[in-house]
Every structure is written in C-alpha cells, then in structure tokens.
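What follows is a short report on a single structure.
The values are calculated or read from the model by the stated rules, or taken from the named source; none is laboratory data. The structure displayed is predicted, hence computed values, not measured ones. Neighbour counts are summed over all protein chains in view; Cβ atoms, including those assigned to glycine, are modelled from backbone coordinates with ideal geometry. Just the protein is used for accessible areas: all its heavy atoms, side chains included, with ligands, DNA and RNA removed. Shrake-Rupley method; radii C 1.70, N 1.55, O 1.52, S 1.80 Å.
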Amino acid sequence: MRTPRRRTTLIAATTVALLATSALTAVAAHAATGCAVSYTVGGQWQGGFTGNVTVTNLGDPLSSWSLRWSYSAGQTVSDAWNATVSQSGSTVTAANVGYNGSVPTNGSVSFGFNGAWNNSSNPAPTSFTLNGVTCTGGTAPTGNPTTSPLPSTPPPTPPATTPPATTPPPSVPQTGLVGWATQNGGTTGGGSAGATTVSTASALTSALNATGAAVIRVSGTINCSGMLRVRSNKTVLGNSGATIVGCGFTVNGDRNVIIRNLTFRNWSDDAINVESSATNIWIDHNTFSNGYDGTVDIKRGSDFVTVSWNRVYSHDKTMLLGHSDDNGSQDIGHLRVTYHHNWYDGSKQRNPRVRFGNPVHVYNNYYYNNAGYGVASTMSAGVLVEGNYFENVKDTYHLGEADSGPGSLVARNNHFVNSSAGQTGGSVAGIPYQYTLDTASSVKSIVTAGAGAGRISV
C-alpha cells in the first residue's frame, strides 16, 4: 500500500518514441568513435516545451554517461525523466540514473525533460558531447512552427484492438460496466441478493466480511479506522450522502465485488485496496479526498478491474497499480485494469502509476491541475492512454518513475489545454472488449457532469 514518495526529479529509462515539431531542428550527430544524438521537441506552448533526446553510443561500451549541450536563446530546463539534468548558464548536463548507465556499442538510451523558452524562438542545440566526446553531424528541419501542444498520434502500426463502438451497445450503457471487469466471466457483485442497510462501523464491518452474496447499502456518515475486509460476491452501494471517514476497504484474494456511490475521506491507509489475486472488481462513481495513501491501489497479482467515474481531489497519491518493482513473478500476466471517465481534480500523482500490467487502458479521463504527473508506465507495463482531456498538466504521461524502469505507452486522440503530449514508446497489447470512446474535447464537460458520488441513482 505504501510506497516511497515520488522524487522531485522525474526519472525513467530506455528508448522513447519521439515527436518532432516547430521551426526547431532535429540534430543527428555522428562521430566515428563517439556518438549520435537525436534531439526533438515533442510539443511547445506559451512559455514551455517538452524535449526528447536519444543518444546512440558509437564507441566502446559505457558504464555511465553524461551528455552536454548549450542553448542559444536562453532556454532553461526544469524537471526531467530518464536522466538527472542540471543547468549552468546556457549549458545543460544530463547524466544517467542508476538503471540506465550501461550502454553497449551501438546501443541507445533516451530521456526527456520539460523546459521554458522565450516564446520568440526555440532553436535546437547545434552540438553535443557524450563523456567529453563531441557528437557532430548535419541538421534537418522537422516541421512548421507551432506554439500549441502537439496532439498525440497513433503508432505507425497500432496494436490489434477491438475498435471502440460508435454508439454504446444496448446492454452496456456509458455509465454501466465497461472494461476489464467485464472479462473473466464478468462482475455482478451481490447480484439479486436482498439488500441490507448499515449505518454504523460495526454493522458495516460485519456485513462486508460475511460469507455469501449480499447487497450492502451504506447510510449516513460512518466513522471507522483501519481497513475493512470485503469478501467475495458483494455489492456495496452508498445511499444519498453516504460517507466513509477514517478507514478504507480491502479486497484481499476475494472476487466479484462492486463498490459504488460512496464518499471516502481522511482514510489512514488506502481508501480501497485490491490485492492478493483479487479478481473482477468494479469501483465506480465514488469520491475520494484528504486521505493518507492511495485512493485505489491494485497489486499482488490482482486482475480484471474497472475503475470508472470516480472523482479525486485534495489528495496526493491517487491510483497505484503494482506495489513493487520486485513483484514481477506474481504480477506479470495480471494487473489488467481499465481507468475511464475519472476526474483527477488536482490530484498530484499516480493517475495511475503502472507496473507490469499489459494492457492497461486509460481512456476518457479528465486531468486538471495535476502538479506532479498524470500517467506513468513502468517495469515493462503496457498502457494505452486514449481520448483523455489534459488541462494545466505539465507532465501528462511518461515512461518510468522514481527507481522504476520504463514500460511501454501508446497515446492517441488526447486533448491538451495548457498541457502537451508526453513521452511514449513501445507497443501495448490489444484491448479485448468493446467500449465507446467519447470525443476527447468533450471529456471535460462529460466527466465533470457525471463523475463522483451522488451522480447516479443506485
């Protein structure tokens, strides 16, 4: 549940898919005994830009590296991923992080960063040195000038994916169950079992932990502590205004659970924790704020989960998928989760942060004022970031995070307002289910009107 806080400097690793734009140039520098460098700008907006750099080692194998260049128009570099970056005057130095220092002959390493420019010109550097060896070569224009963020583009060969429906299937309305929780036999919770209404912590604890199928209705505000275990075949529904204060729910090895229309506040661990090979979980139309750790953390081999139409605000660490870099033996082949129509309302980071799961589907979410980052794909995960609306998000998505190595990330059809396309790379497995993709530019109005507790009748 708890993981180290994210470092101020964003770090990740390996090769990224580079987007070129503007009157800037891409530098392809070749030295017979040194290096080749590709420098591109993935997007720029008023006052800011995103840079992507790929370095190819043409010399002897490296155990560590340091790349240096200078700017001619006063540009400055801020946070970075895949490297530790510093600047003195016009000179920028990017050095490897712990996991990407080794670069074999003809091997490549990539990193990215956010920067600032003067809104007049943003020329690319004309020369680089790698460990003191000059990388030289020609330059070529990369496109027409632009001062707006680049849209995300699909990869040249998109992964095999069941196409989104143009209209919702009659049996799966847009506010109904969609995504990974429809697979593996589907998710029905307590089904048609009779409903029990609870209004105290003791009654809630007993009802959640009971054996057998049940529909549990929560009434009023319940003050509690710790983590309350939710057993298999349960539907937990909040009546109007239902609020859980001080505690969270854990689904530990159980299956077929639905949690909807609840407000969680001030939890002391996680608000909802899904772990130990729990499967077929639907977490929908809840509101989360002011908790200690994650709002919805999913880990330890859990699978077939949909997280939809939730709102998170006044909170730091949001949704963690995969708790540890060392847990691949349990997590690989699992951790398949759909995140759709969630409102990440100023939530700082982990929206989500993903390890190992592939494919993880992040679509039609609204990102607003996220000070840390939106989506991070790490540890060989595969994440499809599709049709989302990013507003005032400096770091929308990237590969790798803190000490976690990179995953793959494909981004397409996203919408950016005072934000820019992030770091992409690799390929993602196909999405096996049908879904309706809202137009990205409409996602803000759709999600703010529908996400969170109190927006549905249950």
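Summary of values
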item: Matching entry among ALA13, ALA26, ALA31 (being aliphatic (A, V, I, L, M), assigned to a strand (DSSP E or B), open to solvent by less than 50 Å² (accessible area, probe 1.4 Å) and modelled with pLDDT under 60); result: ALA26
item: Members of the range 265-290 that are surrounded by 24 or more Cβ atoms within 10 Å (Cβ to Cβ) and in a loop (DSSP other than H, G, I, E, B); result: TRP267, ASP270, ALA271, ALA278, HIS285, ASN286
item: Among residues of the range 384-412, those that are under 21 Å from PHE49 (Cβ atoms), among the acidic types (Asp, Glu) and open to solvent by 10 Å² or more (accessible area, probe 1.4 Å), counted; result: 1
item: Residue match in the range 304-312 (condition: more than 12 Å from the chain's Cα centre (by Cα), surrounded by fewer than 24 Cβ atoms within 10 Å (Cβ to Cβ) and free of Cβ contacts under 8 Å to residues at least 60 places away in the same chain); result: no
item: Which numbered condition SER419 fails, given (1) in a loop (DSSP other than H, G, I, E, B); (2) of a type outside the set (Val, Ile, Thr); (3) open to solvent by 10 Å² or more (accessible area, probe 1.4 Å); result: (3)
item: Selection status of ASP316, touching a residue at least 12 places away in the same chain (Cβ under 8 Å), open to solvent by 10 Å² or more (accessible area, probe 1.4 Å) and either under 18 Å from the mean Cα position of the chain (by Cα) or closer than 27 Å to ASP403 by Cα (or both); result: yes
item: Any strands (runs of 3 or more DSSP E) falling wholly within the range 291-402 and containing at least 1 residues that are over 20 Å from GLY425 (Cβ atoms) and modelled with pLDDT of 95 or more; result: 296-298, 303-308, 311-313, 337-340, 343-345, 366-368, 389-391
item: Counted residues, the range 232-243 - those being in a strand (DSSP E or B) and under 18 Å from ALA195 (Cβ atoms); result: 5
item: Flag for TYR373 being open to solvent by less than 10 Å² (accessible area, probe 1.4 Å) and in contact (Cβ under 8 Å) with a residue 60 or more places away in the chain; result: yes
item: Single unsatisfied condition, TYR433 versus (1) surrounded by fewer than 24 Cβ atoms within 10 Å (Cβ to Cβ); (2) within 24 Å of ARG260 (Cβ to Cβ); (3) out of contact with any helix residue (DSSP H, G or I) (no Cβ under 9 Å at 6 or more places or on another chain); result: (3)
item: Filtered residues of the range 176-231 (kept if open to solvent by 70 Å² or more (accessible area, probe 1.4 Å) and assigned to a loop (DSSP other than H, G, I, E, B)); result: ASN184, GLY185, THR188, SER192, SER199, THR211, ARG231
item: Output for the range 435-458, where each listed residue is part of a helix (DSSP H, G or I), of a type outside the set (S, T, N, Q) and either without any contact (Cβ under 8 Å) to a residue 12 or more places away in the chain or in contact with a Gly (Cβ under 9 Å, 6 or more places away or on another chain) (or both); result: ALA440, VAL443, ALA449
item: Condition check for SER427: assigned to a loop (DSSP other than H, G, I, E, B), modelled with pLDDT of 95 or more and over 12 Å from the mean Cα position of the chain (by Cα); result: yes
